[in-house]
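What follows is a set of notes on a single structure, which appears directly below.
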Amino acid sequence: MRGSMLAAVLGAAILGLSACGGEADTAAVEAAPGQVPGMTISNARLVLAPVAGNPAAVYFDLDYEGDQGLTIRKAEVEGAGMTMMHDYGEYDFKVQMMEALPIALKKGTKVAFEPGGLHVMAMNPPADLKPGDKVKVTLTMSGGATQVFEAEVRAAGEER
C-alpha cells in the first residue's frame, strides 16, 4: 500500500510539472518572432557621422511592461561591421564613453538611449545608408529572445 501511495504522489507531481511546462511552451509560441511581450520601442533613429565611414549612433526610447524580468545583453544594426551598446562613465577623474553593461529590465522600466548617455554604436555602417532610409536594429535578451525594430536614418546635422 505504501508503494502504491508513493507511486500515486510521484505520478501527480510529474503531471503537475508537465502541465507547467506546457503553459510555458504555449506562451513562448504566442510571442511574435522578433518581439518581446510588453516591450515597446519608440522614437528610433540612426544618426550618421559627419565623416562617411565613421561610426553611427542609434537612439530610441524603450518601455517595458512585461511580467518577466529580462536583461538586454547586446544590440545589432543590420549591415554594420560591429555594433556595441555604449554608455558614459568616469575613469581616472574623466567622463568617457565605454561599453555598457547588460541592461536589466523589469515591469515599468523605461530606458532612454540618447545623446550623452546610453546609446548603440554602429561601427562601419553600410556605405549606402542615406537620410530617410530605414535600418533594422535587433536587441538580444539573455535567454535569446529578440526585439527587432526599424530606425530612421538621419544626417549628422539633423536633430538627434
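The values are calculated or read from the model by the stated rules, or taken from the named source; none is laboratory data. These numbers come from a predicted model, not from an experiment. Glycine gets a Cβ as well: all are built from the backbone with ideal geometry, and neighbour counts include every protein chain shown.
A few notes on this one:
- Selection over the stretch 103-127 of residues that are among the polar types (S, T, N, Q) and within 14 Å of the chain's Cα centre (by Cα) gives a count of 1.
- Residue check, Ile72 surrounded by 15 or more Cβ atoms within 10 Å (Cβ to Cβ) and over 17 Å from Gln35 (Cβ atoms): no
- Members of the stretch 68-88 found to be closer than 21 Å to Ala104 by Cβ and either assigned to a loop (DSSP other than H, G, I, E, B) or free of Cβ contacts under 8 Å to residues at least 12 places away in the same chain (or both), listed by number: Gln68, Gly69
Each row is one residue, and each column tells you yes or no for (1) aliphatic (A, V, I, L, M); (2) at pLDDT below 95; (3) in a loop (DSSP other than H, G, I, E, B).
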| position | (1), (2), (3) |
| --- | --- |
| Gly34 | no, yes, yes |
| Ile41 | yes, no, no |
| Ala44 | yes, no, no |
| Val51 | yes, yes, yes |
| Ala57 | yes, no, no |
| Leu62 | yes, no, no |
| Gly66 | no, no, yes |
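- Checking each residue in the stretch 116-129 for being in contact (Cβ under 8 Å) with a residue 40 or more places away in the chain and either farther than 24 Å from Tyr88 by Cβ or out of contact with any Leu (no Cβ under 8 Å at 6 or more places or on another chain) (or both) picks out His119, Val120, Met121, Met123, Asn124, Pro126, Ala127, Leu129.
- Residues located in the stretch 97-117, provided they are of a type outside the set (Val, Ile, Thr), buried (at least 16 other Cβ atoms within 10 Å of the Cβ) and part of a strand (DSSP E or B): Leu105, Phe113
- Some residue of the stretch 149-156 being over 13 Å from the mean Cα position of the chain (by Cα) and loosely packed, with under 14 Cβ neighbours inside 10 Å: yes
- Test: Leu139 is touching a strand residue (DSSP E or B) at 6+ places or on another chain (Cβ under 6 Å), in the same structural domain as Leu46 (by TED's automatic domain parsing), surrounded by 15 or more Cβ atoms within 10 Å (Cβ to Cβ) and part of a loop (DSSP other than H, G, I, E, B): no
- Qualifying residue in the stretch 101-115 (condition: under 22 Å from Gly157 (Cα atoms), in contact with a Ser or Thr (Cβ under 8 Å, 6 or more places away or on another chain) and charged (D, E, K, R)): no
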